[in-house]
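The values are calculated or read from the model by the stated rules, or taken from the named source; none is laboratory data. What you are looking at is a predicted structure, and each value in this text was computed from that prediction instead of being measured. We place every Cβ from the backbone using ideal geometry, glycine too, and count neighbours over all the protein chains shown. These area figures cover heavy atoms from the full protein model, side chains too; ligands, DNA and RNA do not enter into them. Shrake-Rupley method; radii C 1.70, N 1.55, O 1.52, S 1.80 Å.
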Amino acid sequence: MTSFFSWFSRLRSSSKCFYENLRTPNFHNFRTQKNAPTTNVMDFERAKNPWMTWSSSVLPLALAVSAGSLAFQPQFNPSLCDPPNSNIRGASLGGKGSTQFVAEGSQKEIPQDLLHELKAICQDNMTLDYDERYIHGKPQNSFHKAVNIPDVIVYPRSEEEVSKIVIACNGHKFPIVPYGGATSIEGHTLSPNGGVCIDMSLMKRVKALHVEDMDVVVEPGIGWMELNEYLEPYGLFFPLDPGPGASIGGMCATRCSGSLAVRYGTMRDNVISLKVVLANGDIVKTASRARKSAAGYDLTRLMIGSEGTLGVITEVTLRLQKIPQHSVVAMCNFPSVKDAADVAIATMMSGIQVSRVELLDEVQMKAINIANGKNLPESPTLMFEFIGTEAYAREQTEIVQRIVSEHSGSGFAFAEEPEAKKELWKIRKEALWACFAMKPGLEAMTTDVCVPLSHLADLISRSKKELDASSLVCTVIAHAGDGNFHTIILFDPTQEEQRLEAEKLNHFMVHAALSLEGTCTGEHGVGTGKMKYLEEELGVEALKTMRNIKAVLDPNNIMNPGKLIPPHVCL
């Protein structure tokens, strides 16, 4: 423990965390005002920004099919199969080979009748304010952009209001974009076709807590961190921990996970049931509250990961866990990322039930030091968490310490005190902000892939070689216990060659993962950014099946159009 306290004193030596200086509109997720500014619906034309109107020359995507059967006889718009002709800054837009830097689309004028209907439903909880629409149209953690922004933002307070909003939009065949915590990375909340942005931030109630059943029923706008604050007095917690600010609804929509997935699974494993508003306004309950069921199609899993393209989630029933009796957090260093990945694999193969195994490369550790004024070893680092009884957690720690020593590891230190453990995970959770502190003024292309665990060391080694050879600053972070590998690529958005270099590195990582039987995204989702890789990963027949499902549930293609399903895929 002496070595840990020496190390921990270095961690805390900074007079003030530099992160606070980063919490500016340039970096921080914008939070929606509780009482959103309102504009008279007749003032819509004055609220629009004229420079955005140039983009309305491209015809909107449309899909006309019969919703009665999977045996379709659709009338196709050629844009469903053919990549668009327009280019922006040299980027090829749409199509299966696209870099899709800018999500293209067409924007028609919002009907005044629709604005009046939305006003009647939402009263003062809607806005046409340009600044508010711009914020909602540009994800703050994503390098992806769109040629348009939402036409109007609505803030429903109930499931019934969501249903009425969707019915109104469907009647006018006007696009809908659900909006949660604004932490998504792959362009999920972009509005390439304009439309109605449904901000769920006012629907954040805990509707029911069943302590004996260890489950909770919540509205989608509540954040996972807020939920865990509510659950703590009951000795329970929700085990998924994506980025700070993520909402439960958005976590369902992207099928996210986090650092605890190695122990507790992903979102699909921790959602018992949902309530979803479909494109026609129907409110569908996907399952009962029973822990298991063999009754009918698994509609819950269909909706989880659908990214708002099939419906708007309005209620979530979540599986909870007991807060661990005791935990130990350990940290150690390695000569290379491959050595660190090998230890992560060996740890999992040993049968130890770790709750976290996180890998950070030497560049990320340097960023942490710069951001915090610390003096941590700038070498590839593994962070572990062990839980259980005090004796069991310590036994696991000792076993892993032996594994580390057999794989060129050094500096093994562990902490059991709550404050020390919190400080350790804080530096991991704020890795992105540390990168911005190291290179202020740059933008981050954050991407993730996932491979079978046995291929993780190979994937990281191959990717790390390319990243280190690049002129860009790139950091490596991995949920090493389940084969999920992230990189943060910093680039100057005003320099086209840097953006293309970042995209090239992203492209290399994805294809390396796919060549190792992996996936283009382990937890960030598809959005607009990863659509181009789905055919290689899943095959065109799988994508046609997805489009068939969407065509039945959303025949007017109003639900978050332009996301998840590549535009070149035809029925």
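What to note about this one:
- Test result for Ala330, touching a residue at least 12 places away in the same chain (Cβ under 8 Å) and under 30 Å from Gly409 (Cα atoms): yes
- Verdict on Lys439 being open to solvent by 30 Å² or more (accessible area, probe 1.4 Å) and without any contact (Cβ under 8 Å) to a residue 12 or more places away in the chain: no
- Count of residues meeting criterion [open to solvent by 20 Å² or more (accessible area, probe 1.4 Å), in contact (Cβ under 8 Å) with a residue 24 or more places away in the chain and in contact with a strand residue (DSSP E or B) (Cβ under 9 Å, 6 or more places away or on another chain)] in region 524-546: 1
- Test: Arg499 is open to solvent by 10 Å² or more (accessible area, probe 1.4 Å), in a helix (DSSP H, G or I) and charged (D, E, K, R): no
- Within region 369-393, residues that are at negative phi and without any contact (Cβ under 8 Å) to a residue 40 or more places away in the chain reach partners that are of a type outside the set (Ser, Thr, Tyr) and open to solvent by less than 50 Å² (accessible area, probe 1.4 Å) with beta carbons closer than 7 Å, at six or more positions or on different chains, in the pairs Asn369/Leu376; Glu378/Met365; Glu378/Asn369.
- Applying the criterion of at least 3 residues that are open to solvent by 20 Å² or more (accessible area, probe 1.4 Å) and at pLDDT 95 or above to the strands (runs of 3 or more DSSP E) found wholly in region 132-227 leaves 206-210.
- If the condition is being among the polar types (S, T, N, Q) and loosely packed, with under 15 Cβ neighbours inside 10 Å, then region 375-400 contributes Asn375, Thr389.
- The residue that is surrounded by the most Cβ atoms within 10 Å (Cβ to Cβ), among those in region 300-338 that are of a type in the set (A, V, I, L, M) and farther than 25 Å from Leu260 by Cα, is Val312.
- Scanning region 503-520 for residues being open to solvent by 10 Å² or more (accessible area, probe 1.4 Å) and β-branched (Val, Ile, Thr) gives a total of 1.
- For the condition over 23 Å from Lys322 (Cβ atoms), surrounded by fewer than 16 Cβ atoms within 10 Å (Cβ to Cβ) and β-branched (Val, Ile, Thr), Ile403 does not qualify.
- Of the residues examined, Ala371 is one that is assigned to a helix (DSSP H, G or I), modelled with pLDDT under 95 and buried (at least 22 other Cβ atoms within 10 Å of the Cβ).
- Given (1) touching a strand residue (DSSP E or B) at 6+ places or on another chain (Cβ under 9 Å); (2) in contact (Cβ under 8 Å) with a residue 40 or more places away in the chain, index of the condition Cys256 fails: (1)
- Applying the condition of being polar (S, T, N, Q) and more than 23 Å from Asp241 (Cβ to Cβ) to region 502-535 and asking which residue is modelled with the lowest pLDDT yields Thr528.
- Taken over region 458-469, residues that are in contact (Cβ under 8 Å) with a residue 40 or more places away in the chain and either under 25 Å from Gly527 (Cα atoms) or open to solvent by less than 10 Å² (accessible area, probe 1.4 Å) (or both) amount to 3.
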